[in-house]
Ligand SMILES: Cc1cc2nc3c(=O)[nH]c(=O)nc-3n(C[C@H](O)[C@H](O)[C@H](O)COP(=O)(O)OP(=O)(O)OC[C@H]3O[C@@H](n4cnc5c(N)ncnc54)[C@H](O)[C@@H]3O)c2cc1C
Ligand code: FES
């Protein structure tokens, strides 16, 4: 079968989104946690952070176990667009206003090192993952953004990055200007990480899937409590995207954003390079080779998680924006996911606040291929007792009110507003009869709030709309058929099962007739 041609008609069916990366690689089938296992390092979460950290630590001679609540490399990393670059939109200009030049230089250098690290792993392990060096661009088509793009090129040059300002790019449409970074990279993230994972098991290495971590005892040894039993380890890495073991009040320091991606076939050549703009709803373009010829991977439609309204409209925007710029032959893939921004624009990587043996990595702001890789490098150095001069700028314990102040206040006011909106907004339907097949709505049954989804066959799945993290009210995501929390990014399947933290518990099942909670 054609490697990419899974959707012959190319149209988006709600609830049937598929990531190109997942559809073009094999599925994993690791067992759940077995009892009685003790390792040097327990890694909770098998995305780019967890799998890379496990590989580095095992190569250094430690015993490691990854546990994942679902399947590895499917969550955010399975839905990324995998541009490997230290050019993160418009960032250096902003960082220089908040931090010393030395710190900003370190951020750029750490991300550049991550690109080199991925390349050296690909080469030394001979991984076939479509890795290639290519330039990266942040462009604008709008005159009001031109000065910002010029300033970004100047800021990046100032901190020693391979940056220039250019007026032309490989794109088939005109831009007004762009920052260009030389010698960046792209790859197929699952081909890369599945190859790393395949070397992890055996000789003191384990991967356990369908095993949800619920708590950690930061002792000697540490104990990871899961829904399948306990795992003992000297050190624990929280590679869960959002650190559910939240001793640093990260729920108030991380802000989730959701974006959309499509896999597109175009007539004629695909442009080289990776391209990104913060114009409008953000838009990014890269190519991806395949057996049936190259595709374009296009992303954008950025909004706060759970606050996107009609989420089909964001895919429609992406498709429309793409058709205006390319001669589209077919749109074969649709997928979406979320990532967290921090208030000061730097990720949190290192020892968790108020912990002795628990490390975390989060807040990648949509740039987790490099930030996630450098997290694995930094955390493995800390565990192995090696000096790493990136440690202080990324420290999860840092508090810098000047660098974070305005965003911290704005974002937390937004959370308070979402909490209140959830309490005050009237239900979207009066009773279940108003629910069409394939629809999800919130209603009140016998004075109890119910979030109900009716499938095409008429089966109703009814749950409490109250997020099990900190009690905000979830909103329906009609494109993905999920209930998404507008406060801190928890996401639940239509039947209430957690698919993304910080929530650890599923939404309570509610009886569709009486509205009463149902024991499961
Ligand atoms: C649309 C979009 C496009 C992007 N494109 C790019 C790009 O081009 N370049 C780039 O650099 N970055 C990009 N990013 C960002 C990047 O994809 C992410 O930052 C990165 O994949 C995050 O990796 P992770 O390992 O932290 O998380 P994940 O991949 O989500 O891995 C976390 C794992 O932890 C597991 N888990 C969670 N909680 C528990 C628990 N309690 N118990 C057990 N397991 C648990 C999950 O199942 C999951 O497998 C993009 C992001 C978005 C939203
Ligand atoms: S994610 Fe925090 S309240 Fe829902």
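Side notes on the structure shown:
- Any hit, the stretch 192-215, residues being buried (at least 22 other Cβ atoms within 10 Å of the Cβ), in the same structural domain as residue 46 (by TED's automatic domain parsing), assigned to a loop (DSSP other than H, G, I, E, B) and touching a residue at least 12 places away in the same chain (Cβ under 8 Å): yes
- Residue in the stretch 82-101 that is within 6 Å of ligand 1 (Cβ to nearest atom) and within 16 Å of the chain's Cα centre (by Cα) present: yes
- Condition met for residue 249 (within 16 Å of ligand 2 (Cβ to nearest atom) and surrounded by fewer than 21 Cβ atoms within 10 Å (Cβ to Cβ)): yes
- Only listed residue being touching a helix residue (DSSP H, G or I) at 6+ places or on another chain (Cβ under 8 Å) and without any contact (Cβ under 8 Å) to a residue 60 or more places away in the chain, chosen from 74, 98: 74
- Filter result for residue 62 (within 13 Å of ligand 1 (Cβ to nearest atom) and in a loop (DSSP other than H, G, I, E, B)): no
- Which numbered condition residue 29 misses (of (1) within 8 Å of ligand 1 (Cβ to nearest atom); (2) assigned to a loop (DSSP other than H, G, I, E, B); (3) over 13 Å from residue 237 (Cα atoms)): (1)
- Candidate set from the stretch 361-371 (those that are away from ligand 2 (no atom under 16 Å from the Cβ) and touching a strand residue (DSSP E or B) at 6+ places or on another chain (Cβ under 7 Å)); member that is farthest from residue 184 (Cα to Cα): 361
- Of the residues in the stretch 428-435, not one is touching a residue at least 24 places away in the same chain (Cβ under 8 Å), in contact with a strand residue (DSSP E or B) (Cβ under 9 Å, 6 or more places away or on another chain), away from ligand 1 (no atom under 16 Å from the Cβ) and part of a strand (DSSP E or B).
- Scanning the stretch 288-316 for residues that are surrounded by fewer than 20 Cβ atoms within 10 Å (Cβ to Cβ) and more than 14 Å from ligand 1 (Cβ to nearest atom) turns up 289, 290, 291, 292, 293, 294, 307, 309, 310, 312, 313, 316.
- The stretch 252-284, residues that are surrounded by fewer than 20 Cβ atoms within 10 Å (Cβ to Cβ) and at positive phi: 268, 280, 282
- Within the stretch 430-457, the only residue that satisfies the criterion of being at pLDDT below 85 and either buried (at least 20 other Cβ atoms within 10 Å of the Cβ) or within 20 Å of residue 479 (Cα to Cα) (or both) is 434.
- Residues of the stretch 151-191 satisfying the condition of being in a helix (DSSP H, G or I) and surrounded by fewer than 23 Cβ atoms within 10 Å (Cβ to Cβ): 151, 154, 157, 158, 191
- Scanning the stretch 303-352 for residues that are assigned to a loop (DSSP other than H, G, I, E, B), out of contact with any strand residue (DSSP E or B) (no Cβ under 9 Å at 6 or more places or on another chain) and touching a residue at least 60 places away in the same chain (Cβ under 8 Å) gives 310, 344, 345, 346.
- Residues of the stretch 468-493 that are more than 20 Å from the chain's Cα centre (by Cα) and either away from ligand 1 (no atom under 13 Å from the Cβ) or in a strand (DSSP E or B) (or both): 470, 471, 472, 473.
- Residue 104 vs. criteria modelled with pLDDT of 95 or more, under 27 Å from residue 245 (Cα atoms) and not in a loop (DSSP other than H, G, I, E, B): no
- Condition met for residue 47 (away from ligand 1 (no atom under 13 Å from the Cβ), crowded, with 22+ Cβ neighbours inside 10 Å, closer than 24 Å to residue 276 by Cα and in contact (Cβ under 8 Å) with a residue 12 or more places away in the chain): no
- Residue 110, sole failed condition from (1) within 11 Å of ligand 1 (Cβ to nearest atom); (2) buried (at least 24 other Cβ atoms within 10 Å of the Cβ); (3) not in a loop (DSSP other than H, G, I, E, B): (1)
- Residue 245 vs. criteria within 26 Å of residue 52 (Cβ to Cβ) and under 22 Å from the mean Cα position of the chain (by Cα): yes
- Residue 359 vs. criteria outside any loop (DSSP other than H, G, I, E, B) and modelled with pLDDT of 95 or more: yes
- Which numbered condition residue 503 misses (of (1) touching a residue at least 40 places away in the same chain (Cβ under 8 Å); (2) within 16 Å of ligand 1 (Cβ to nearest atom); (3) within 18 Å of residue 242 (Cα to Cα)): (1)
The values are calculated or read from the model by the stated rules, or taken from the named source; none is laboratory data. None of the values given here were measured: they were computed from a predicted structure. Using ideal geometry, Cβ is built from the backbone for each residue, glycine included, and neighbour counts are taken over all protein chains shown.
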